[in-house]
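Rule-based calculations on the coordinates, nothing more; no lab input. Source: prediction; values computed, not measured. Positions of Cβ are backbone-derived with ideal geometry, glycine not excepted, and every protein chain shown enters the neighbour counts.
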Amino acid sequence: EIEVDVPCSVAYQCYSERETIPQWMPFISTVKVLEDKPELSRWTLKYAILGRDVEFSWLARNMTVSIYYDKAATDLGVNIQLIKLSSVSAN
């Protein structure tokens, strides 16, 4: 587990731009959202072990992230952001 002190909007932007994930997650080689099924993405991991190149890939269901602000807390001068993950709809 890693905690990063950034606003939710920055974390959301990093996660939502899936094809740029390998820029900040170095063990992932590529992430491609499927053109015919945008609710899915293909992730690829490449590494060398025992003198051999190994490649592993999988399909992942894309999740959307919604950021909500707690109005009652904001009225009190506290900035509380709530995050909700949900599946990307095919339609």
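Numbers at a glance
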{"item": "Residues 47, 12, sorted so that the one with the fewest Cβ neighbours within 10 Å comes first", "result": "47, 12"}
{"item": "Other-chain or far-sequence residues with amide H under 5 Å of residue 64's (modelled H)", "result": "86, 87, 88"}
{"item": "Cβ-defined net charge surrounding residue 44, 14 Å radius [Lys, Arg +1; Asp, Glu -1]", "result": "+1"}
